[in-house]
Amino acid sequence: MKDKYQERLASIPVLEEGFRSVAYIADRRIATTVYLAHHLEKPILVEGPAGVGKTELAKATADYLELPLIRLQCYEGLDEAKALYEWKYGKQLLYTQLLKDKLDDIISRKNGFSSAMEKLHQYDDIFFSWPFLEPRPLLKALQEKDGAVLLIDEVDKSDDEFEAFLLEILSDFQVSVPEIGTIRAVTKPLVFLTSNNTRELSEALKRRCLHLFISFPEAALEREIVRRRVPGISERLTRQIVKFIQDVRELELKKVPSISETIDWARVLTILHAEVLEPVLVRDTLNTFIKFEDDIVVVAEKLHQLTATAIRQ
Amino acid sequence: MERVLEDFITAARTAGVRISISETLDAARAVETVGYGDRALLKDVLAVSLAKTAAEKQLLENCFDRFFSFGFFAGAADRSGEEPPRIQVESSLVRMLMEEDRAGLMAAMTEAARLENLSQIRYLTQRSLFAFRLLSRMGADDLDRQLQSLGAVDTPAAAAAAAGLEAAKRYLVENVRNYVQNTYELFAGDEGWRRLDGELRLVKLSNIEQRYFAHIHEIIRRMVKRLNDLSSRRRKRARRGVLDFKRTLRENISCQGLLFSPSWKKKKIDRPQFVVICDISRSVLRTVRFLLLFLYGLNQEIARIRTFVFCTNLIEVSDIFDSCPVEEALSRIQGGADIPLIMGRTDYERSFGDFRRNYLDAVTRKTTVLILGDARNNYNDPCPDHLKAIYGRAKRLIWLNPEVPAFWGAGDSEIRKYSPYCSVIRECNTLDHIERLISALIRS
């Protein structure tokens, strides 16, 4: 397993090819970053507009390396108990009930309060040991024997405190559980953090990561993505769709269509058996990639012009 | 090659990319992994490991292109199609020039630059010196000597050879000059932002030039973020209450003492309320601008700010500040035709009087009043009674004076007459002053 993993990360071209094999079309910079992240054992902070495939990158990496993907979705109020570990309180209670007789036994054999206490002390750590520990995503990622891909999604949505708490894990790949001690990673996981820049992340966090900025792809790359993701689509339609979307991105919109929306639209059009873009068809399917009423109005105004330039492709 | 990376990072820092030591180490390790072989790859690797925002990436890429530009010694000196004169080759420099060995010349020049520590260049005036040093390192002395000896011989062949050498020398000097200029721009361009950061905090706000404003805003943004971070822990603790047992018992008596609904002890943080009264006559305006940028940045910390500005009279402008960013608000107030502010001579008596008559109920026991002004009342009656009335209602009244203390009370400054009715009077004319003041304010 280990060898295969190394082999798949042997060089940048190998990695690029590998991403292609799992239907993720990466430009060279992305492949370079993943390659470096593996060799320097550093997390990757992925930024970029929504829907350019930040999360998808982590999934594709996990797919390609055949590693489990462990995902931690961040939100406001996320804390250690949900991200790292928690004690299984229910199980602890249940076990104390079940073992009550046993405990009585142990204690009753001893006479005198202090000796009973002493005897108990020999056992009390039992309830704070591995069987009662509920690992949450972060701890789980550290425990994976063959390594894992850890995706910390939308880290900008979490609080400042959580960000600070991540620092220990990101730089040393270890966490401290007071009752058990420090837990180190068996195999260091490949970590991806994604951010939509709703707030500025701290310098300390950024310093510990490699920083990858994914922007909207060039037309050629986007065409390739569509071809990969929507098998059976005609070359002509692909060109037209991509041209149309790329032009729409130039407009002043609340939310510009992302790659995932390009793919959705391409799928919709293939289902409708469209061969070329037509204004009527575009108008009817506009809502697959434009999600705001105001934006639809803006695009609809220029619809004919946009379609005309796209058809020329 | 370590040295190249080091120099590149210095250049990138000059260009405005913030690079820490740990990032430098990362970059070194990353470059070790991929090598210097592939230019595009090297660029990607450096961009990934050094730059941490999209804007920084752009800066870094530009810097990279300039730093690793090998456009020198292009288009050799004009020979106008003639057969080059035969010149006896006496030194390697002459040989390279004659053979148009661009790579060799480039290598010799970068090597000379390394030996002479060209990357230490800081000032415009150092350029000629460095160009001269580089030239002599490359062996320009030999070239001169050969030129001299050719000049001594009086034959047509020697004259042609001398002319050829002369042209080659001009070509060499020009290229070295360009190289030094390029390096200077890389390492010392824009007077070195690196030093600026620390200095700008201490420069008098009234003396800061317009072109540094964007930079100051960046500094303020970082200061504000730090202050916000500092107190976020406090906020969090307040959110997480402990069980208030007495209250729980009391409230659950109606359920026959069964504890149905627990109630929690909550710590209440009182966030300060501010009333800011600013003199916006020209002498104080700069300071006002930065103070307000700061205060409005801290909206998480501050329950409510009401802002009043005055010059000849006083008006409330809170709604303008609430509705648009500080920058825009200030320009609107200054140029505002729709705002009943008279920008005549500063009149403290009338302005404080206005406040007392119209807005005194804005000040309560919880309010901190910040007054920003130089208290120069143009020899009118200061009438401290108005201030006394405000002081009597407020939790604290802090007067910020942009003048240095030595001038307080001199000339038409009435600050001494106002001082009995201020909790504190502080000098306030640098970013450092503002930061210290505000961090004290939100903590107490």
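Annotation: aspartates and glutamates with alpha-carbon distance below 16 angstrom to B:LYS366 (same-chain offsets under eight excluded): B:ASP270, B:GLU301. Database remark: amide H of A:VAL191 closer than 5 angstrom to the amide H of A:ILE44, A:LEU150 (H placed geometrically; neighbours at sequence offset of 5 or more, or on other chains; Pro and chain starts carry no H). Which listed residue (B:THR364, B:LEU259, A:VAL256) has the Cα farthest towards the positive end of the charge dipole for the protein assembly as shown, taking +1 on Lys and Arg C-beta and -1 on Asp and Glu C-beta about the Cα centre? So the residue we want is B:LEU259. Gaussian network model of chain A, Cα springs within a sub-10 Å range: biggest mean-square fluctuation belongs to which of A:ASP247, A:ASP104, A:ASP27? In this elastic network of chain A, the residue with the biggest mean-square fluctuation among A:ASP247, A:ASP104, A:ASP27 is A:ASP104. In the elastic network of chain A, a GNM with C-alpha springs shorter than 10 Å, the most mobile of A:ALA220, A:ALA37, A:ALA185 is A:ALA220.
Note on chain A: GNM, Cα springs under 10 Å; of A:GLN97, A:GLN246, A:GLN143, the largest mean-square fluctuation is that of A:GLN97. Taking a ≥ b ≥ c as the square roots of the eigenvalues of the Cα gyration tensor, segment B:379-444 is oblate, since a/c reaches 1.5 or more and a/b is not larger than b/c. Apply the a/c threshold of 1.5 to the C-alpha gyration tensor of segment A:87-225 and tell me whether it is rounded, prolate or oblate. Cα axes put segment A:87-225 in the prolate bin.
Taken one residue at a time, the phi angles of segment A:298-305 give Karplus couplings (6.51, -1.76, 1.60, θ = phi - 60°) of 4, 5, 4, 4, 9, 3, 5, 4 Hz. Gly and Pro are set to x.
Within segment A:244-302, the trypsin sites (Lys or Arg not before Pro) that combine a DSSP coil assignment with at most 15 other C-beta atoms in a 10 angstrom radius are A:LYS254, A:LYS255, A:LYS291, A:LYS302.
Solvent-free Debye calculation, one equal scatterer per alpha-carbon of segment A:51-129: log10 I(q)/I(0) at 0.16, 0.19, 0.27 Å⁻¹ equals -0.78, -0.92, -1.22. For segment A:192-302, the calculated P(r) over all alpha carbon pairs, in 10 Å bins from 0 to the bin holding the longest distance, is 12, 40, 27, 14, 5, 0 percent. Mean partner shielding of peptide A:198-204, defined as the number of other chain Cβ atoms within 10 Å of each residue Cβ, is 2. Applied to segment A:128-142, the Karplus parametrisation 6.51 cos²θ - 1.76 cosθ + 1.60 on θ = phi - 60° returns per-residue 3J(HN,Hα) values of 10, 9, 3, x, 9, 9, 9, x, 9, x, 5, 5, 4, 5, 6 Hz, with x for Gly and Pro. Measuring between alpha carbons in the structure, the pairs from A:LYS88/A:LYS188; A:LYS88/A:LYS119; A:LYS42/A:LYS140; A:LYS88/A:LYS140 lying more than 20 angstrom apart are A:LYS88/A:LYS188; A:LYS88/A:LYS119.
Under the combined filter of DSSP loop state and at most 11 neighbouring Cβ atoms within 10 Å, segment B:365-444 retains these trypsin sites (Lys or Arg not before Pro): B:ARG365. The apolar share of the surface of segment A:11-127, taken as the fraction of accessible area on carbon and sulfur atoms (1.4 Å probe, ligands and nucleic acids excluded), comes to 53 percent.
Considering all projection directions equally, how large on average is the shadow of the alpha-carbon convex hull of segment B:295-444, in square nanometres? Spell out each step's value before the answer.
On the way: hull surface 35.9 nm².
That works out to 9.0 nm², a quarter of the Cα hull's surface.
A compact globular protein would have a Cα radius of gyration near 2.2 N^0.38 Å; the ratio found for segment A:168-250 is 1.76. The aspartates and glutamates whose alpha-carbon is closer than 14 Å to the alpha-carbon of B:LYS417, local same-chain residues fewer than 8 away aside, are B:GLU349, B:ASP374, B:ASP381, B:ASP385.
Find the Cα radius of gyration of the protein assembly as shown, compare it with 2.2 N^0.38 Å by division, and give the number to two decimals.
Working: Rg = 35.3 Å, N = 757, 2.2 N^0.38 = 27.3 Å.
Computed over Cα atoms of the protein assembly as shown, the ratio equals 1.29.
Buried accessible area between B and A (1.4 Å probe, both chains summed, ligands and nucleic acids excluded), in Å² to the nearest 100?
Details: alone 24150 and 16540 Å², together 38410 Å².
In total, this chain pair buries about 2300 Å².
Per residue, the accessible area of the protein assembly as shown comes to 51 Å², computed with a 1.4 Å probe over protein heavy atoms only. Taking the charge dipole of the protein assembly as shown about its Cα centre, with +1 at Lys and Arg Cβ atoms and -1 at Asp and Glu Cβ atoms, the residue from A:ILE214, B:LEU59, B:MET223 reaching farthest to the positive side is B:MET223. The GluC sites (Glu not before Pro) of segment A:244-313 that DSSP puts in a loop, and whose beta carbon has at most 13 other beta carbons within 10 Å, are A:GLU252, A:GLU275. Measuring with a 1.4 angstrom probe and ignoring ligands and nucleic acids, B:MET138 comes out at about 20 Å² accessible. The mean count of C-beta atoms from other chains within 10 Å of the C-beta of residues in B:50-62, rounded to a whole number, is 3. Ranked from largest, the principal axis spans of the Cα set of chain A equal 95, 44, 38 Å.
Would you mind working out the magnitude of the charge dipole of the protein assembly as shown relative to its Cα centre, with +1 at each Lys and Arg C-beta and -1 at each Asp and Glu C-beta, to the nearest 20 Debye?
With only Lys, Arg, Asp and Glu charged at Cβ, the dipole is about 3140 debye.
For segment B:169-178, the Karplus equation 6.51 cos²θ - 1.76 cosθ + 1.60, evaluated at θ = phi - 60°, returns couplings of 5, 4, 4, 5, 4, 4, 5, 5, 4, 4 Hz by residue, with Gly and Pro reported as x.
Angle of helix A:54-65 to the longest C-alpha principal axis of chain A, folded into 0 to 90 degrees and rounded to 10: 70°. Which entries of A:LYS54/A:LYS157; A:LYS54/A:LYS255; A:LYS82/B:LYS265; A:LYS254/A:LYS302 have Cα-Cα distances beyond 20 Å here? Listed pairs above 20 Å: A:LYS82/B:LYS265. Our summary gives chain A a relative contact order of 22 percent, counting only alpha carbon pairs under 8 angstrom and 6 or more residues apart.
The values are calculated or read from the model by the stated rules, or taken from the named source; none is laboratory data. Values in this document were obtained by computation on a predicted structure and should not be read as measured data. Quick reminder, even Gly has a Cβ in these numbers, built from the backbone with ideal geometry, and neighbours come from all protein chains shown. Quick note on the areas: whole protein, heavy atoms, side chains included, nothing else; ligands and nucleic acids left out. Shrake-Rupley method; radii C 1.70, N 1.55, O 1.52, S 1.80 Å.
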